[in-house]
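One structure is given below, encoded as C-alpha cells.
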Amino acid sequence: MAARELGAAGCRRMTPSTTDVKRIVIIGSESSGTTTLARALAGHYRTTWVPEYGRIYSEGRQYLGQPWRSDEFSHIAIEQARMVDALAALANKVLICDTDPFATAIWHERYLGSRADAVWEIAARRKYHLYVVTDVNIPFVQDSIRDGESFRQWMQGRFIEELSKMPVPMMLVSGPHEERLAAAMNRIDRILEDAES
C-alpha cells in the first residue's frame, strides 16, 4: 500500500512505499564519473540520491597515516545501507545510489588484499534493481584521497566479474557524460515502465 503525505498545499498526495522504489546503484573505479552520473540521474528523475559514505569516511581519516582495518569496511557498508534506506523513504519512484555495500566489499580487497565475509554478508542482504558500472575511459583526476590511475582497470574488472555472478541486471556505461546519462536513463525508463505495466 502506498504511503500518504501532505503536499506543499496541504493536500494529500500518494507516494510509493520504500518497497516500490526502484533502487539503482552507480559504481565504478576512482575518478570514473559515478558521482557526476548519480547527481545527473537524480536531477532528471527529480528524486533523491545517496552520496558515498566511504568517501566522507576516507576524507575524515586521511591524516592518520594508518593502514585500513577490516572493521572499518564493515562500518562503511552498514552506514551506506542506512543512508540508502533513509533516503528511499523520500524517493520519487527511483532512488539513485552512488555505491553500495557490494562495492565496499571490493574496496576491502583493494586495500587489504583479502575477502571480507562480514562485508559480503551485509551486501547479500541488500536488494537493487540495476547496477550501472562507469567505464574508466575518461581522464583520471587526482584529489587528496584517490589511489591513482593504475588501479582503475583492476577495480572495474572486479566489479564486472562479481556482478556477472549476481541475479541483478548490470550495464556498463562508456564515453562522454552525455552518452552515459542517456544510456542509463534509457535502461531506468524501461524498469519504471515495466513496473507500471
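The values are calculated or read from the model by the stated rules, or taken from the named source; none is laboratory data. Worth saying up front: this structure is predicted, and the values here are computed from it rather than measured. These accessible areas exclude ligands, DNA and RNA; they are computed on the full protein's heavy atoms, side chains included. Shrake-Rupley method; radii C 1.70, N 1.55, O 1.52, S 1.80 Å.
Details
- Cα convex hull, region 47-144: 123 Å³ per residue, rounded to a whole number.
- Here's how it looks for residue 28: its modeled amide H is under 5 Å from those of 134, which are all 5 or more places away or on a different chain.
- ³J(HN,Hα), Karplus 6.51/-1.76/1.60, whole Hz, each residue of region 79-91, x for Gly, Pro: 5, 4, 5, 5, 5, 4, 5, 5, 7, 4, 5, 9, 6
- With 0.36 nm allotted per residue and the present C-alpha distance subtracted, the residue 114-residue 171 stretch has 17.9 nm of extension available.
- Within the accessible area of region 42-197 (1.4 Å probe), percent carbon and sulfur: 54 percent
- Remark: region 93-106, residue by residue, has Karplus-estimated 3J(HN,Hα) of 6, 9, 10, 9, 10, 7, 5, 6, x, 4, 4, 4, 5, 6 Hz, where x stands for each Gly or Pro and the curve is 6.51 cos²θ - 1.76 cosθ + 1.60 at θ = phi - 60°.
- Rounded to the nearest Hz, the phi-derived 3J(HN,Hα) couplings of region 110-124 under the Karplus curve 6.51 cos²θ - 1.76 cosθ + 1.60 (θ = phi - 60°) are 4, 8, 10, x, 8, 7, 10, 4, 4, 6, 4, 5, 4, 4, 5, where x marks glycine and proline.
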